[in-house]
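Data block below; observations after.
The values are calculated or read from the model by the stated rules, or taken from the named source; none is laboratory data. The model shown is predicted, which means the values in this text are computed figures rather than measured ones. Here the Cβ is made from the backbone with ideal geometry for all residues, glycine too, and neighbour counts use every protein chain on show. The accessibility values were calculated without ligands, DNA or RNA, using every heavy atom of the protein model including side chains. Shrake-Rupley method; radii C 1.70, N 1.55, O 1.52, S 1.80 Å.
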Amino acid sequence: MTLLHEDRLLPVEPGLRTLARDLYTAVKDAPIVSPHGHTDPRWYAEDTPFPDPAQLLVTPDHYVFRMLHSQGVALEDLGVPRADGGVSETDGRKIWRLFGQNYHLFRATPSRIWLDHAFETVFGFTERLSAANADMYYDRISEALERPEMRPRALFERFNIEVIATTESPLDDLKWHRKIRESGWGGRVVTAYRPDPVVDPDFSGFASNVEEFCALGGQSSTSFAAYLDAHRDRRAYFASFGATSTDHGHATAATLNLDRAATEALYDKVLSGRADAAEREAFRAQMLTEMAKLSVEDGLVMQIHPGAARNHSGPVFERFGRDKGYDIPTRTDYVRALGPLLEAVGEETDLRVILFTLDESSYARELAPLAGVYPCLRLGPAWWFHDSFEGMWRYRQMTTETAGFYNTVGFNDDTRAYLSIPARHDVARRVDAGFLATLVATGRLTEEEAYEVIQDLAHRLARQAYKL
Amino acid sequence: MTLLHEDRLLPVEPGLRTLARDLYTAVKDAPIVSPHGHTDPRWYAEDTPFPDPAQLLVTPDHYVFRMLHSQGVALEDLGVPRADGGVSETDGRKIWRLFGQNYHLFRATPSRIWLDHAFETVFGFTERLSAANADMYYDRISEALERPEMRPRALFERFNIEVIATTESPLDDLKWHRKIRESGWGGRVVTAYRPDPVVDPDFSGFASNVEEFCALGGQSSTSFAAYLDAHRDRRAYFASFGATSTDHGHATAATLNLDRAATEALYDKVLSGRADAAEREAFRAQMLTEMAKLSVEDGLVMQIHPGAARNHSGPVFERFGRDKGYDIPTRTDYVRALGPLLEAVGEETDLRVILFTLDESSYARELAPLAGVYPCLRLGPAWWFHDSFEGMWRYRQMTTETAGFYNTVGFNDDTRAYLSIPARHDVARRVDAGFLATLVATGRLTEEEAYEVIQDLAHRLARQAYKL
Amino acid sequence: MTLLHEDRLLPVEPGLRTLARDLYTAVKDAPIVSPHGHTDPRWYAEDTPFPDPAQLLVTPDHYVFRMLHSQGVALEDLGVPRADGGVSETDGRKIWRLFGQNYHLFRATPSRIWLDHAFETVFGFTERLSAANADMYYDRISEALERPEMRPRALFERFNIEVIATTESPLDDLKWHRKIRESGWGGRVVTAYRPDPVVDPDFSGFASNVEEFCALGGQSSTSFAAYLDAHRDRRAYFASFGATSTDHGHATAATLNLDRAATEALYDKVLSGRADAAEREAFRAQMLTEMAKLSVEDGLVMQIHPGAARNHSGPVFERFGRDKGYDIPTRTDYVRALGPLLEAVGEETDLRVILFTLDESSYARELAPLAGVYPCLRLGPAWWFHDSFEGMWRYRQMTTETAGFYNTVGFNDDTRAYLSIPARHDVARRVDAGFLATLVATGRLTEEEAYEVIQDLAHRLARQAYKL
């Protein structure tokens, strides 16, 4: 018995499955190009062992603890740290047992696929996690984590990662990235510029963030021109640590293209703390366009990840803080929202803007039509809750006919769950193999083309779109 | 020749079909647990024969008469009663002939599946209804309805119904439920508390409904506190007739959590009849939160069925009244709308709120993510127009990966069409068998797990979610 | 080697494929009924050869040039005429080479299917277009276009077109239609009444259009009554050239039913040029209802094509004008928007209104429920970006269960790309054959019924719905 079905996620019809398996085999061992994600650069810098199994696989993974919590398990009991000073469980084994008892909740979810993949391929388990074997699992993983081949750099090599991007705040000094570089290790880890803390007036500590940010580049925060120069400066600093992209996680995709005087007035207002909700939204919107203009200047690829209602539960936010599984997708408009940015720089051939969505109804209606005409636009892969077997199929079915393959950018694992990275790329490669096999079997693509496109989707487009 | 294909609604690929058939067979004869529906308790209380075929199968079934009407058949000619005193057809045979002539309109619709199921399994027809055999059908059904085994209680037993819930207004005295109980008959028929007539200021007769409602519990309607107490009282009364749930059919999912003073002022305003549309909506929104708080107190499971634009055609409403097939789904927001309720009681582990939607675009975007984190939330099954083969597949494909199976609640037949109940559960079981077989064949679930989950989906989750 | 897979677009499972192929074969050679499209009546009137390959297949096809442009090819280099007097490429061979070099961009798109169909069946190519064979393609097509059998009328007959509708402005004198009629040629080419230039205050030249329009019927534009009479007159004129339908391409589906005085005031205001955006939208909305009322009078079938944000890029619009691939679908509401029109005339059995959408989320939620009850409503086929294999499957899967087949109207090719017409109908017939075969294999339809329905979908419903 094994945890993983050899032909998992491939089409069921035998002829299709054979072709899909062959296509998958062609990219199964291709290098992992990971242009967007949230692993911690400190791991690669220090290369120390990962802590206990619960700290590695349960407590930091919002997919995991949100599902357990949805069935009544308290977040404290899963070791999720309290932001309000309250007590959380620290006994990894206790947390792990809760996880084992409830592992059936993950049936048919992507988490189960990712976890089983790590359990089998990294730790050698062949029996599925349950209440009965939770202790055995805990012991075996604990033991394994002490071995040198389980350290971050060894796993990086074993996972065949060609390049991985992390995501940092402009306030970050990138010391871990510097340390990686200075260490002489050959792994390619690059950063990405995520300016939310200094462009979103609703970000906690915004005004002081901006002050600190401007100071970093020797600028004063009193003028918008200086603030923009600080961005220029900081983007160049990030680029010097390998960054080829920026990332923007606004609640909406709203953009604006105000004139300079209006922008300066808005900047002063949001810094003063007296801006109302509409003005704060306007500033975020204006800053997307400003960032796009800076991308025209410096060539950094721009990623826009809009549409999450963050921290939906006030009580949970007060207790546990951000990123606790309470970010819920919302309906997102792109057509009108992106208008001002596209009006300003949409025809620039030196600009590349990659769009993501949590609102699948926009795939065929808005995003594929937009990416299928604007030269600067590309479509990011299925994101977050949609980074799953069914989600990826819907993505291909709803975007390919209008945007084609070459307005998409390959796969993003977008994760801080290090052990899930190979699993996630494997899922994407299997789905794409199944999709391409279906196109061949229905006469929409030749077999020869499918063998070319599978390479594009598995790694080439990611390298190209992100200039890696 | 028969009307029903033995392997209907199962996947086509032979290997998949075999597994799906085996899974289906495991639950084919499982008891029917029907926690939400609209059958008439009087049927079970009086146990008299059903009237003629048209009165049983055409005139009261909005799915049936709306389709006939869409092709130009006048509602009057189908015997739909006029609300304005006009004349409608009363000759069942004439109505039935119209139905037979137009039966081809139902090709590929769920109504056809439900009707053919009843025609074959209840009445023994093997030839499909048409203009040519309409009289033969009419005669045979008429004849059958006179036989004792066609009476409501006999059918209840034959359908293997373990428990069925009806839905009553708080103004209902539950006399039919009392009569059922007093009759000594063993069938388990429970009520459900549907307070729309006394919480929705736009419901016809709202103010007098509230007065009558408060009086029922010996309360005056002059204070909001007394009104809430009347709810407490009436909910307990319903619970004493087996109710384990409440049901709320608002046009939107809006909720509010106003303070007591504001709520009292709003209550006075809506009772006065001087509230504007926004205030009436605010009262409905506030009442959803109040009902949730009462559910925390008394444990009744709360069902929210939002999103229908009721009585879309004014002229038809004037002529025929409510529920004439002119209720049209609309775009529904859940993320912002449910915020206040969830902020107030979302983390209560004693609360259970079951959400339904008519807007499938919210499945993957909003509802699965919400139900996949809030401990109080569960996701109701595919509803109304989506209670169909394709609708149920979309439901599973769009909700399972994020909410899992255990944040869903099994099947609801939600019908007043008594004869369709076994057919509807049969469809759900077949779709779930097909879905689970597909998961197994693509390595997302083991066969052993599938045999467990199919039991969960067919009856266990319904019992558990509704505390039946 | 050939370009076209014999069983393309049919289901993959062998049993299903066999049945689907048989169903497809039954309608493969059925006549083409094309009730809505944009071919140029001048072609049929003059019957002169088509110009060079690029002018025929690249430059006028927005699907083709938008995809090339999305990957950075300048529209000028594709010969797209500049509206601002700038220079565009005129060398067809150069344009064609660019097309050939980039033909891989169309992988898995409907354009590739349509183009390959024309390349193989019209020009006899067996090798796929590429940079390497672009010149060979260019030469062979150029040569072919000179032959008599490639002239518009010969192709019309070869394509087995029973009837085709073009679309004209009310300002059009229909001289080409007159010429066709007078020529004695037997091909049936009819017009359709598209009054956007005189009912949409945002249409360029609106006020002078209205003046010219009223003058055509000997009316003054100073009164709304005269303006309506001009419509009556012009609709009758169009009907005399075979028109059986009108077409309305508003940005939203908004309708209004104002009283006459308010309508007259609105008319005066929009003509004066002083109307604000809301008033201009109100006029469009009112005019949809006015057109519906005229359709009750004269029996012309009304088509509503809402939901495109036209000319999304200001800079591209200034450079190249309308219809340059920058029309992007937007979220569209039908339930509230169509309310006033349906309230006014929705129950008229002499009225037929065909609804289209670019917002697929409205299929199951709004459009199928509306078309499944209002006697005047029918559902148009999958439109524009959704006129594709995946798009048509989604259409059938999301509309059939609630609206049935008989509230739909068959296929529209809706194209100005003459050579793509047989390909488009072929795609629709294949998808429908696959869909019907799936219904049969899953017991939702008998084989006998499927053979009847495939004829309905391929041509009968189009004739019937459009009164052709």
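Quantify how strongly other chains surround peptide B:377-388 by giving the mean number of their Cβ atoms within 10 Å of each of its Cβ atoms. Numbers along the way, then the final one.
Details: counts 1, 2, 0, 0, 0, 0, 0, 2, 8, 5, 1, 4.
Whole-number average of other-chain Cβ neighbours for B:377-388 is 2.
Would you mind working out the magnitude of the charge dipole of segment B:50-150 relative to its Cα centre, with +1 at each Lys and Arg C-beta and -1 at each Asp and Glu C-beta, to the nearest 20 Debye? Don't skip to the end; give the middle numbers.
On the way: 10 positive and 15 negative charges, 68 e Å.
Value, rounded to 20: 320 debye.
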For segment B:101-114, just list the computed ³J(HN,Hα) in residue order, Karplus coefficients 6.51, -1.76 and 1.60, θ = phi - 60°, integers in Hz, with x standing in for Gly and Pro.
4, 10, 5, 5, 4, 8, 3, 6, 9, x, 4, 4, 5, 5
Could you work out Rg/(2.2 N^0.38 Å) for segment A:59-178, with Rg from alpha carbons only?
1.22
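Hey, got the dipole for segment B:136-225? About the Cα centre, +1 on K and R Cβ, -1 on D and E Cβ, debye to the nearest 20? Display every interim value, and only then the final one.
Numbers: 11 positive and 15 negative charges, 99 e Å.
Computed about the Cα centre, the dipole is about 480 debye.
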Total accessible area lost when A and B pair, probe 1.4 Å, Å² to nearest 100
3800 Å²
³J(HN,Hα) computed for each position of segment A:432-443 - Karplus, 6.51 cos²θ - 1.76 cosθ + 1.60, integer Hz, glycine/proline x:
5, 4, x, 5, 5, 4, 5, 4, 5, 5, 9, x
Everything considered on the Cα gyration tensor (a ≥ b ≥ c; rounded for a/c under 1.5, else prolate if a/b is larger than b/c, else oblate), the protein assembly as shown must be described as rounded
Given the -39500 (n - 2.57) contribution per DSSP H run of 4+ residues, what per-residue ellipticity at 222 nm results for chain B, rounded to the nearest 500 deg cm²/dmol?
-14000 deg cm²/dmol
Rounded to whole Hz and in sequence order, give me ³J(HN,Hα) for segment B:61-76 from the Karplus expression 6.51 cos²θ - 1.76 cosθ + 1.60, θ = phi - 60°, writing x for Gly and Pro.
9, 4, 4, 6, 6, 5, 5, 4, 5, 4, 9, x, 6, 5, 4, 4
Could you sort A:137-143, C:429-435 so that the peptide with the highest average Cβ count within 10 Å comes first and the rest follow in order?
C:429-435, A:137-143
At C:ALA132, label 7 Å along Cα→Cβ: distances to the other copies, nm, ascending?
6.0, 6.0
Give the separation of the Cα centroids, segment B:217-258 to segment C:1-54, in Å.
61 Å
Amide H of B:ALA309: which non-local residues (sequence gap of 5 or more, or other chain) have their own amide H closer than 5 Å, using H built in the peptide plane?
B:ILE328, B:THR330
Report, in debye and to the nearest 20, how large the dipole of segment A:192-355 comes out about its Cα centre when Lys and Arg carry +1 and Asp and Glu carry -1 on their Cβ.
440 debye
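Would you please give the FRET efficiency between B:VAL87 and B:GLU318, computed as 1/(1 + (r/R0)^6) with r the Cβ-Cβ distance and R0 = 22 Å, to the nearest 0.05?
Values: r = 16 Å, r/R0 = 0.71.
Computed FRET efficiency for B:VAL87 and B:GLU318 comes out at 0.90.
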Dipole of chain A (Lys/Arg Cβ +1, Asp/Glu Cβ -1, origin at the Cα centre): which of A:ILE354, A:VAL33, A:VAL80 lies farthest to the positive side?
A:VAL80
If we hang a label 7 Å off Cα along the beta carbon direction at C:GLY187, how far is it from the matching labels on the other copies, in nm, shortest first?
6.7, 6.7
Measure off, as a whole percent, the carbon and sulfur share of the 1.4 Å-probe accessible area of chain A, all protein chains present.
48 percent
Please work out the C-alpha center-to-center distance from segment C:124-177 to segment A:341-359 and express it in whole Å.
36 Å
Compute the accessible area per residue over the protein assembly as shown, keeping the other protein chains in place, probe 1.4 Å, unit Å².
33 Å²
Provide a whole-number value for the mean count of partner chain Cβ atoms within 10 Å of the Cβ atoms in peptide B:54-67.
1
Mind checking which lysines have their Cα closer than 24 Å to the Cα of C:LYS179? Skip sequence neighbours fewer than 8 apart in that chain.
C:LYS467
Rounded to whole angstrom, how close does the nearest chain A beta-carbon get to the axis mapping A onto C, and which residue is it?
A:SER361, 2
Quick numbers on chain B, Rg and Dmax over C-alpha atoms in Å, give 22.5, 68
Comparing the chain by itself with all protein chains present, which residues of segment A:309-346 are at least 30 Å² less accessible (probe 1.4 Å)?
A:HIS312, A:PRO315, A:TYR326, A:ILE328, A:PRO329, A:THR330, A:ARG331, A:VAL335, A:ARG336, A:GLU343
List the residues whose amide H sits under 5 Å from the amide H of B:SER245, counting only those 5 or more places along or on another chain, with H placed 1.01 Å from N in the peptide plane.
B:TYR193, B:VAL301
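Rounded, prolate or oblate: which fits segment B:317-468 when a ≥ b ≥ c are the square roots of the eigenvalues of the alpha-carbon gyration tensor, with rounded for a/c under 1.5 and prolate only if a/b beats b/c? Numbers along the way, then the final one.
Numbers: a/c = 1.67, a/b = 1.13, b/c = 1.47.
Here segment B:317-468 falls in the oblate category.
Taking beta carbons within 10 Å but only from partner chains, what does the mean come to for residues C:111-117? Walk me through the numbers on the way to the answer.
Numbers: counts 3, 4, 3, 0, 0, 2, 0.
Other-chain Cβ atoms within 10 Å of each residue's Cβ, averaged: 2.
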Looking at chain C, what % of its DSSP beta bridges pair antiparallel, to the nearest 5?
10 percent
The FRET efficiency for C:ALA131 and C:GLU6, from their Cβ-Cβ distance with R0 = 22 Å and rounded to 0.05, is 0.20
When you count, for each residue, the other Cβ atoms within 10 Å and take the mean per peptide, how do A:231-244, B:210-223, B:360-373 rank with the highest first?
B:360-373, A:231-244, B:210-223
5 Å is the cut-off here: which amide hydrogens, built 1.01 Å from N in the peptide plane, fall below it relative to A:THR166, excluding neighbours closer than 5 in sequence?
A:VAL190, A:THR191, A:ALA192
Could you name the aspartates and glutamates whose alpha carbon sits less than 17 Å from that of A:LYS269, not counting residues in the same chain fewer than 8 places away?
A:ASP200, A:ASP202, A:GLU211, A:ASP259, A:GLU279, A:GLU281
